[in-house]
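The values are calculated or read from the model by the stated rules, or taken from the named source; none is laboratory data. Remember, predicted model here, so these are calculated numbers, not experimental data. Cβ atoms come from the backbone with ideal geometry, glycine included; neighbour counts cover every protein chain shown.
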């Protein structure tokens, strides 16, 4: 949107009166006086008119430790959502950069910056998601080998990307996948008659769930460019 249109709409003024605001130096864009009403502004640009805030929306980046039972949604009529855990006026501006199943715990990233969320979720980016997985049986070398080469999913008619597997105990591993098929990890283990009994996301790409961030808590962060 052009700045002059934003100013005119906010102030309820016509084109001539709006131009006068710029001519008299009463419009401030991102901390500097702006005399060009034709300049395009985005939703995160800060705009003042005669010292009054016209637009001052901040970029938000949040890491949240989702407890089991909380749904990855912005609104739900039956269950508590991740948004409900953020007691801030701006929480409703956020959207999720990837979801977790209701009973999966761990890292959820929320933001109001679409380009950032797309950088984490766009399939072509191949961003790894690392999980701590416990199953009700033994994770054999065969399981590990197949995961590392990929599994054919007939429903989607696609083979999963090679996963990284770090065996921790006979029934526990760290698993990094590079896509997000529906119930992907549970389906991968089910292929070997193994049921996932605990699933916890530790990281998305370079974003690690802070060790001191308790379940149900969240923290804002600044992305590394």
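Things to note:
- Scanning the stretch 1-27 for residues that are touching a residue at least 24 places away in the same chain (Cβ under 8 Å) and assigned to a loop (DSSP other than H, G, I, E, B) returns 1, 26.
- Residue in the stretch 53-67 that is closer than 30 Å to residue 185 by Cα and in a loop (DSSP other than H, G, I, E, B) present: yes
- Verdict on residue 115 being over 21 Å from residue 198 (Cα atoms), loosely packed, with under 13 Cβ neighbours inside 10 Å and in contact (Cβ under 8 Å) with a residue 12 or more places away in the chain: no
- Where residue 78 falls short, out of the listed (1) buried (at least 17 other Cβ atoms within 10 Å of the Cβ); (2) in a loop (DSSP other than H, G, I, E, B): (1)
- Residue count for the stretch 28-45 satisfying the condition of being free of Cβ contacts under 8 Å to residues at least 60 places away in the same chain, surrounded by 12 or more Cβ atoms within 10 Å (Cβ to Cβ) and within 18 Å of residue 114 (Cα to Cα): 3.
- When the strands (runs of 3 or more DSSP E) confined to the stretch 117-225 are screened for residues that are under 17 Å from the mean Cα position of the chain (by Cα) and at pLDDT 95 or above, those reaching at least 1 such residues are found at 129-135, 172-177, 196-204, 218-220.
- Residues of the stretch 39-47 include at least one that is in contact with a helix residue (DSSP H, G or I) (Cβ under 9 Å, 6 or more places away or on another chain), assigned to a strand (DSSP E or B) and outside the structural domain of residue 133 (by TED's automatic domain parsing).
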